[in-house]
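Report on the following structure.
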Amino acid sequence: MAMKIKRRAILRGMAGAAVSLPLLECMLPAKQSAAQTPPARYAILFAGQALGGDNYAKNSSRVDGQNITEGGHYIADTSYGRGYSLTTPLLPLQAMQNDFTMISNLAIPFNANSTDGSAVPAAGAYRDFHGGGSSPLLSGTRSTSAEYVCNGITSDQAIAELNAGQTTHKSLVVRAQPAFYVSGYSFAGRQYISYGPGGGRSARIEAQASPQVAFQSLFTGFVPDDDDDAARFDFEMRARRSVLDLVLEKRAKLVNNVGQADRERLERHFDEIRDLETRISALPPVASGQCMAPADPGADPPIGGDHSGGGSGSVTPGSGYSDEHTRSRIFADLIHMAFVCDLTRAASLQITAFQSHMNARPIADGLGTLAGTVRPSRWASVGGDLHEVGHNGDPNNRGQIPSAGLLQWHISHYAYLIDKLRNTPEAGGNVLDNSMIVFTAEAGHGLQLNDGSSQNQTHSVENMVMLLAGRAGGFEPGEHINGNRAHPATALITAMQAAGYTGNTLGDVSL
Amino acid sequence: MFFRTVGMIALSVLVACTGQIGQSDDSRGPGGGGPPAVDPLLAMESGARRLTQAELDNTLRDLLGEDTAPAARLLNEDEFRPFDNDYTIQQASDALITSLEVLAKEVAERALNDPTRRAELVPCTPASDGDEQCFRDFLDAFLPRALRRPVTPEDIDAYLPLLAFASEDNAVVDNDFYTAVELAVSAAIQDPELLYRIEEGTPGSEPGLLELDGYEIANRISYLLWATMPDDALFAAAGSGALDTPDGRRAEALRMLDDPKARGQLHRFHAMWLGYRSIPHTPELVAAFNRETSALIDRVVLDEPGSYTRLFTMEETFVDDALADHYGLPRPDGGEGWVSYEGTGRAGILGHGTLLAAFSKFEDTSPTQRGILVRTRLMCEDVPRPPPDVDADQPPQGAMDALCKYDRYAEHRDQSSSCAGCHSLVDPIGFGLENFDIAGRYREHDDGLPECIIEGFGEIVGIGEFSGPGELSELLVENDYVDACAVQQFMTFALGRETTDYEAALLQELTESFRAGNHDFKAFIVDFIASDRFARRAEERL
């Protein structure tokens, strides 16, 4: 017990030494009340792929050169209500069927008669997939061009705003796919799924793509239990703050001597340093109960180069792939513990980018072996990248089953996070009881957005599906619900309301 | 963007099968798109540029001996447009700042833990943990290099509070003099003056025109030619005022172009420009391809100065035995060297595996993508985006299951379809290269399909017909495309942003001088650095 007193003294000392502590006052009551009524948390996980393959109906596939007609592979290819049978993409959720609800048959409107940007209906999609789909899907706001940009705040950031000042980190925005992988081009907006108030380019939130940096950012603020360690920690934190203060003191001198454009650039940079300084000056989180710093994930898996092939040879494992599997799991671990410790209440994890060119083969080869995945009864490895798989890039493996298998891999990370949350006790229940965890894929499967006429297409904002897990706000999961062509943002609003959002709109969409 | 005008724009088009072209233009552009305040012939608009991942890694290598490429590991990937240095889309973020703090701490710790590097960093032996004089000596030596300018007493004094961490009597912390040094190094790495190239300048002959000081000029030259910080000689030239004169800049540029770092930068520039910075092959093959292409660049730019158009017309290539075997070329004497292209249909860089692998779809060539490469990167034309109602991610639908690739592209050629208008601009170029697979090997039929004979005839519509890389290169060179386009690409790279329509006269003037100098690229670069406009900047308009 004596040890604890000393440790508290250090905490007091740190708080006293800090220069500015706008977070401190609001954090103290939040910390204290956390034990009684746990806060609601919200996360969204994103997969940069569609729900099927071009020109293949929901029950048709080609595997290993054989055409197959077989149901159960399209994610929502089953009855509604409770107790529906889980499809290939949902198999990782087998033990968690009562913990999530699937809302299917969601659709984003578009103007069938015009491809003009000004003719896009409210909450609608500009008629150019991929870019046109992102804004309505994630922000409920219409897109007016092919650019990858959300024109309104995204659901995770709306929850972050709701909890602003309550936690050390306003939100946790992370991305598992670190590189674009196609020589000669680059992400160009495909790497953003979180946008702050107002949306638009300037509101986009850069995801942290390094698991190691994300780990350090979240968990180096923990005061160790051991007295000596705590003293060392205190020294280190004072040193960090002094270094940042030293940099911050240059602000006026630098920004006052440059033109307006440079001033804006540099002020943004200094603002971010100031925010970091504020974060680490705030009272450090104290590990207690279920809250403890996770093990250091170590150096990040190396970033894979471009795809390796040769002539018409296949894309081989080890290139175009940066072990997104491990990266996703580490990020899920971090989101889990950040929620448990109430370091943040809003998170987004972009597992793969929009129009992802991640090499699909390591995933396809590993399905059933990679932790948490289940190999479908008919399965053969798929050549090409994630994007090409949906577009039938592999002549022998096309259609529903290959797409479903890769979607399942994405969902395995969702299942992993949910499982961790529900196995973490909190206030008589578990953390999932106080969370809403959303999963969405980039596209649906149906009428093509571009030409407005082709059926069974990946470039579709019809037949979209959202998964909502958790019981925050009294949400009762466990069903498959027919969305009856409701806008996917309605599912987001439902999840946001469960997580404490008092409004009933997201962008142009109202519930 | 300054582009030659492509005819027949107003057609419904389908130009991409991977949907990667026509990327969203999320660039604000300098000056917000309005006319610049200063005639670009006098001075070009510029803004504070954050070092790219590559530039930061190089800078930390030269400043601290750091060799683990921490920026490539810990910072988010730069956007390649096609160059990695477009400052108009750089935006500081929480992710960036957080990563930089981790990076700085890691790099500083490694530098201080290495006795050799530590000794290089600290020129004195501290008499005590709190030895202020020794700390000042360290800062006097280190800070001007870190900030890449002379420092003031105030700059130094700002670091002194860190000494408290060296002298603090702390029973559990193993702190000493070098603790403060480590913190100082970490702070410098996070200093915007290290991370950005901030040019203040002094007011010049007209409003909005700023004259750069010697150190600002030194940084410009260094990051352009070396992608890293200035060396001692360049700093000395900045301090002596030599860089304020065209002759002084010329002398430094010539000296620096003799350094291996300049070669590396020329290789990087070409790899980003021509899209082969990472290509879909085994590391061994990629390395061999890069040696081949780098040898050609070195030769036509630096080792045998003369016409740069030889980059495209060179009738021999640099290979080792393995690469010669790969291409089916005769083996060179001595295991590595130049061998003739005679009778192969190849010439210059377009015959290399690097270029033939670039813009491929992952497992085969894409005639459309190769056509786009030629139009956009070698002719500097703007290939229009497909109209929104076309799904450009899918192969041509009309005959998608046809056995042979040429037949699958029938819809693109069908004049009654909406596709032909724009695809006729690009596909025929790609089909003229179809005899060369994505590993740069000659082939007579589609891979694995003897029944699909490749004719290999191509056309740049409106310019002329060709077959193979050699004849294509000849068309591009003789019709004055590649020289003008190379100038534009170089300027995009040098400015760290796309050139604007307002800079058309500037590009025209530069192209004419490039031609007047018989396409000597080295002389062109040196002249550019020597020019008055290189030592100036125009304030961005908002």
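Worth pointing out:
- B:LEU139 meets all of the listed conditions (1) surrounded by fewer than 22 Cβ atoms within 10 Å (Cβ to Cβ); (2) more than 8 Å from chain A (Cβ to nearest Cβ); (3) under 19 Å from A:LEU248 (Cα atoms) but one, namely (1).
- Screening A:LEU511 with (1) more than 14 Å from chain B (Cβ to nearest Cβ); (2) modelled with pLDDT of 95 or more gives one miss only, at (2).
- Wholly within segment B:375-440, helices (runs of 4 or more DSSP H) carrying at least 1 residues that are touching a residue at least 12 places away in the same chain (Cβ under 8 Å) and touching a strand residue (DSSP E or B) at 6+ places or on another chain (Cβ under 8 Å): B:405-408, B:420-431
- Qualifying residue in segment A:35-45 (condition: under 33 Å from the mean Cα position of the chain (by Cα) and modelled with pLDDT under 85): yes
- Residue under evaluation B:GLU182, criteria (1) assigned to a helix (DSSP H, G or I); (2) more than 19 Å from A:LEU244 (Cα to Cα); (3) among the charged types (D, E, K, R), criterion not met: (2)
- Per the conditions (1) small (Gly, Ala, Ser); (2) part of a loop (DSSP other than H, G, I, E, B); (3) within 15 Å of A:ARG274 (Cα to Cα), the sole criterion not satisfied by A:ALA252 is (2).
- Test: residue in segment A:182-194 that is β-branched (Val, Ile, Thr), farther than 13 Å from A:SER348 by Cβ and assigned to a loop (DSSP other than H, G, I, E, B): yes
For (1) in a loop (DSSP other than H, G, I, E, B); (2) aliphatic (A, V, I, L, M); (3) within 28 Å of B:ALA271 (Cβ to Cβ); (4) in contact with a strand residue (DSSP E or B) (Cβ under 9 Å, 6 or more places away or on another chain), each residue gets a yes or a no:
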{"position": "B:PHE83", "(1), (2), (3), (4)": "yes, no, yes, no"}
{"position": "B:THR88", "(1), (2), (3), (4)": "no, no, yes, no"}
{"position": "B:ALA92", "(1), (2), (3), (4)": "yes, yes, yes, yes"}
{"position": "B:LEU96", "(1), (2), (3), (4)": "no, yes, yes, yes"}
{"position": "B:LEU103", "(1), (2), (3), (4)": "no, yes, yes, no"}
{"position": "B:ALA108", "(1), (2), (3), (4)": "no, yes, no, no"}
{"position": "B:LEU112", "(1), (2), (3), (4)": "no, yes, no, no"}
{"position": "B:ALA127", "(1), (2), (3), (4)": "yes, yes, no, no"}
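- One residue from B:PHE359, B:PHE312 being out of contact with any strand residue (DSSP E or B) (no Cβ under 9 Å at 6 or more places or on another chain), assigned to a loop (DSSP other than H, G, I, E, B) and either more than 22 Å from A:TYR181 (Cα to Cα) or modelled with pLDDT under 95 (or both): B:PHE359
- Strands (runs of 3 or more DSSP E) within segment A:413-511 that include 2 or more residues buried (at least 18 other Cβ atoms within 10 Å of the Cβ) and touching a Leu at 6+ places or on another chain (Cβ under 7 Å): A:435-441, A:464-469
- Matching residues in segment B:76-111 - criterion: being of a type in the set (A, V, I, L, M), crowded, with 21+ Cβ neighbours inside 10 Å and more than 7 Å from chain A (Cβ to nearest Cβ): B:LEU100, B:LEU103, B:ALA104, B:VAL107, B:ALA108, B:ALA111
- Among residues of segment A:242-275, those that are farther than 21 Å from B:LEU147 by Cβ and either crowded, with 19+ Cβ neighbours inside 10 Å or hydroxyl-bearing (Ser, Thr, Tyr) (or both), counted: 1
- Of all residues in segment A:206-225, those satisfying the criterion of being within 7 Å of another protein chain (Cβ to nearest Cβ) and not polar (S, T, N, Q) are A:GLU206, A:ALA207, A:ALA209, A:VAL213.
- Of all the residues in segment A:193-208, those that are touching a residue at least 60 places away in the same chain (Cβ under 8 Å) and either buried (at least 24 other Cβ atoms within 10 Å of the Cβ) or of a type in the set (Asp, Glu) (or both) number 3.
- Number of residues in segment A:335-385 that are within 13 Å of chain B (Cβ to nearest Cβ), over 19 Å from A:LEU138 (Cβ atoms) and not in a loop (DSSP other than H, G, I, E, B) equals 3.
The values are calculated or read from the model by the stated rules, or taken from the named source; none is laboratory data. Quantities reported herein were computed from a predicted structural model and do not represent experimental measurements. Cβ coordinates were reconstructed from backbone atoms using ideal geometry, including for glycine residues, and neighbour counts include every protein chain displayed.
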